[in-house]
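Some notes on the structure that comes next.
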Amino acid sequence: MACSLLIFLFVKDEVSYDKYHNDADRIYRVVKDFINDDGSRIPDATSPAPLASAMQREIPEVEAVTRLMPNWGASWLVEYGDKKIPEQKYWRADSNFFEVFTYSFIKGDPKTALRDVSSVVVTESVAKRYFGNEDPLGKTLKISCCGGSLKVTAVIKDVPANSHFHFDMLASFRQLGNIDNNWDQYNYYTYAKIKSGTSIVDLTKKIQETYKRNQDENFSVFYVQPLADIHLNSHLKWELEPNGDKQYVKVFLIVGLFILLIAAINYINLSTAKSSLRTKEVGVRKVSGALRSSLIRQFLFESLVICFISSLLAIVIAQLLTPVVNDITLKQLSVIGEPLTMAFMILVALLIGLIAGFFPALYLSSFKPILVLKGLKLNEGGALTLRKTLVVVQFTISSVLIIGALIIAQQMNFIQNAKLGIDKEQVIVLTGAGSMALSDRSAYLNTIKQLPGVKEAASGSFAMGEGFSTSRINVKGSEKEIQLNFASVGFDYTDVVGIEMKEGHGFSAKYPSDTMNNGIPNGPLEQNIGGIIINETAVKEFGLGSPAVGKQFRWRNDGDTSYYVNVIGVTKDFHFTSLRNEIKPFGFICVPRNTFTFTVKLSADNIKTTLAQLEKEWKHFRARRDFSFVFLDDTFSNLYASESRFQKLFISLVILGILIACLGLLGLATFSAQQRVKEIGVRKVLGASVPHVVVLLSKDFLKLVVIALILAAPVAWYLANEWLKDFAYRISIEWWIFIVAAIIAIVIAFGTISTQAIRAAISNPVKSLRTE
């Protein structure tokens, strides 16, 4: 029950995301699929800035529409007095943001909070961080990103944990300038509150028509997502935060029900097995005039009392376990103080009490008083068959859980040890380089390359595995356009991260013409503006053939002028996102002004000393941001954080389920040994050995476990295969996994049974036979 309560609280939290907003059922996010010329789709959560105003203007069903722009991984230095703190959740939103979304305002007016371009709304935590007990309203914060000062116009409570996005500071969208005519830049998130009774099918159609009226190149298909569905059902490119997974919620619900079922089976089995101890009680009550219905009510009442007492203990146990559960799930679950805790436990106690007590009540109340009081042996064939069936059900469930745990562990091991095509060991990414002037970035990079603990270093726009841009391009001479993922990097970047070149060369100071430039204003109608390095998949998707080096892509148009990039190198394929996704076309361009990080390959010796030297040089160049870094292998590990948490939770539940099943098996084995104590005594007198007696007592139970394993195998295979479908790169489910699971189940079952079997086998037969 404690386990089921914790699962209930976890599931309740997962399905509650974004429902705290007023009219959450009328709020939708507008997203789209990029459509390549070959018909393939790339789902994406972003939208162009002008779409919001066009929807408000042209679609009458839209009550309000607002935009949101995150910080895209950047951190901005915020100053107040002598405090200088880098903020990573400084976002921008339209002035009507609080008309669509509902937040608790501590100070300020939601209608006017973002009206001025110099206004900023801060959360309660941020207000305390900068102003302490002072009144934040009207105070001025200096923000490095916009080169000016912003006035605090409102303070809101911290964004609830059950939100699919979180910000600390929210400034006016107007800081971005006039971008309402740029339909080509997809850097924004659009949310619409629609009028009641609106048809979503019609709304989607009208959004697409609005896009077509305003954009000549129609290569996007727009649709909407209900706000409350985003967390569990949306896994698009450029999600604002990593979302949950509806599949995992279903798994935990099923496992929670399984654990309750296993516990209920224990109660049924032990109640019916010990029925012989209550036969005389039932006989006396019936002779005294008790009706069968009254006996059923008595036994059901006993079952309910046990369950209600258990539920109270379960609440205490669950509360004690919440720190561990919160540490694994990264949530803030609480048992005490949760209004639905008692309601859930009462419901569970009623259900389990009635379900688990129903059959024992029927069975016990069915005894014939004459037979019972004469001491005649009762026919327990039906009850025995039921107990065997329930043991099979228990161990079928346990075996499915064991097989599932083995497959999950194997897939996670595959992910962690897969060859990604990059070298992420002893590689760090220094963030905040954008706070340096371009010349200082170059000087810092050249300086740290000379450090003895630095093998190689390069600048970049992102940490590999964390982010990248996209552009729709085509090969020169072809009209076929394909979406290309790309990143801006500096010289020698591919060498630093160990990406292997298959053809051509990487970016280097020896080839200055490869660096991207803006072209010549009013120059030729066809201009080469730099070089590009692409992966093998891009070569294949664009049909470049071999050699690919020397081919050209049309990078962009400006009126009649076309700007081209030359393919200077081809890398072997590498994974730049999760193994859930197939490798897509990817490219590197060299744009020094767009590099805001340093990627550094360290020597394995004296890493701490090298980090101290890197920080010293950082301070020497007077970077406005504090020295900070992340290890590249940690960045890739974060891609699988949800899977890692799922594995920990699932294995914990598996262990618990097996433990509960073994407790029931132990009880039945104990009772079976007690029932056959005289038989064992006779067998030992006649010469039976201890191993012979152990086998005698164990074989019936082990037969049931083997049957359970046979039933569990296809069920586990199907469920595991469904889970693995989410991964583009996955393990094959091998036959030996089922053998290992069978061995584990049999060993666990035999170990549980044998404790009582051995105890019975080594007992003195004289004691059991002295009454004969």
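The values are calculated or read from the model by the stated rules, or taken from the named source; none is laboratory data. The structure presented is a predicted model; accordingly, all values stated were derived computationally and were not measured. Using ideal geometry, Cβ is built from the backbone for each residue, glycine included, and neighbour counts are taken over all protein chains shown. What goes into the accessible areas is simple: the full protein's heavy atoms, side chains included, and nothing from ligands, DNA or RNA. Shrake-Rupley method; radii C 1.70, N 1.55, O 1.52, S 1.80 Å.
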If you average 1/r across every pair of different Cα atoms in the stretch 399-446 and take the reciprocal, what Kirkwood value do you get, in Å?
14.8 Å
Per the charge dipole of the stretch 12-143 (beta-carbon charges, Lys/Arg positive, Asp/Glu negative, Cα centre), the residue among 24, 55, 138 reaching farthest to the positive end is 138
How big is the antiparallel share of DSSP beta bridges in the stretch 80-171, given as a percent to the nearest 5?
55 percent
Based on alpha-carbon positions alone, could you give the equivalent ellipsoid semi-axes of the stretch 498-605 from the gyration tensor, as √(5λ), descending, whole Å?
26, 19, 14
Name the residues whose placed amide hydrogens come within less than 5 Å of the amide hydrogen of residue 422, ignoring near sequence neighbours (fewer than 5 apart) on the same chain.
575
Anisotropy class of the stretch 154-281 from Cα gyration tensor, a/c 1.5 cut
prolate
Report the label-to-label distance for residue 593 and residue 740 in nanometres (one decimal), using points 7 Å from each Cα along the Cα→Cβ vector.
5.5 nm
For the stretch 462-521, count the residues as N, evaluate 2.2 N^0.38 Å, and divide the Cα radius of gyration by that value, please.
1.33
Report the local net charge at residue 548: Lys and Arg +1, Asp and Glu -1, summed over other residues whose C-beta lies under 14 Å from its C-beta.
+1
Report in % the part of the accessible area of the stretch 507-551 that belongs to carbon and sulfur, leaving out ligands and nucleic acids; probe 1.4 Å.
54 percent
Find, to one decimal place in angstroms, the Kirkwood hydrodynamic radius of the stretch 595-733, where the mean of 1/r is taken over every pair of different Cα atoms and then inverted.
22.1 Å
3J(HN,Hα) from dihedral phi, the stretch 210-220, Karplus parametrisation 6.51/-1.76/1.60, rounded to Hz, x for glycine, proline:
4, 4, 5, 5, 10, 9, 5, 8, 8, 10, 10
Report the local net charge at residue 561: Lys and Arg +1, Asp and Glu -1, summed over other residues whose C-beta lies under 13 Å from its C-beta.
-1
With θ taken as phi - 60° and the coefficients 6.51, -1.76 and 1.60, list the Karplus ³J(HN,Hα) couplings across the stretch 401-412 in order, rounded to whole Hz; mark glycine and proline as x.
5, 5, 4, x, 5, 5, 5, 4, 4, 5, 5, 5
Cα-based shape type of the stretch 545-654, given that a ≥ b ≥ c are square roots of the gyration tensor eigenvalues and the cut on a/c is 1.5:
oblate
If you count only protein heavy atoms with a 1.4 Å probe, what accessible area per residue comes out for the chain, rounded to a whole Å²?
47 Å²
Would you mind checking which residues have amide H under 5 Å from residue 470's amide H? H placed 1.01 Å from N; only 5 or more apart, or other chain.
486
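Using packing as a proxy for protection, rank 341-350, 495-504 so that the peptide with the highest average count of other Cβ atoms within 10 Å comes first.
495-504, 341-350
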Partner lysines for residue 455 [C-alpha distance under 23 Å; skip if fewer than 8 residues away on the same chain]:
419, 424, 502, 510, 572, 601, 608, 616, 619
What Kirkwood hydrodynamic radius do you get for the chain when you take the inverse of the mean 1/r over all pairs of distinct Cα atoms, in Å?
31.3 Å
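Quick check on the chain: of the DSSP beta bridges with both residues there, what percent are antiparallel, nearest 5%?
75 percent
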Could you please state how large a percent of the accessible area of the stretch 1-51 is carbon and sulfur, counting protein chains only and using a 1.4 Å probe?
49 percent
Please give the helix 690-724 orientation as an angle from the longest Cα principal axis of the chain, in degrees from 0 to 90, rounded to the nearest 10.
30 degrees
For the stretch 133-199 and the stretch 680-745, write down the distance between their C-alpha centroids in whole Å.
57 Å
Portion, in percent, of the accessible area of the stretch 113-238 that falls on carbon or sulfur, probe 1.4 Å
45 percent
Residues whose placed amide H lies under 5 Å from that of residue 158, excluding near-sequence neighbours
124, 125
Proximal charge balance of residue 600 [Cβ under 15 Å; K/R count +1, D/E count -1]
-3
With runs of 4+ DSSP H residues as the only contributors, calculate the mean residue ellipticity of the chain at 222 nm using -39,500 (n - 2.57) per run, divided by the residue total and rounded to the nearest 500.
-15000 deg cm²/dmol
Per residue of the stretch 166-176, what does 6.51 cos²θ - 1.76 cosθ + 1.60 with θ = phi - 60° give for ³J(HN,Hα)? Whole Hz please, x for Gly and Pro, Karplus curve as stated.
9, 10, 10, 9, 10, 10, 6, 4, 5, 4, 7
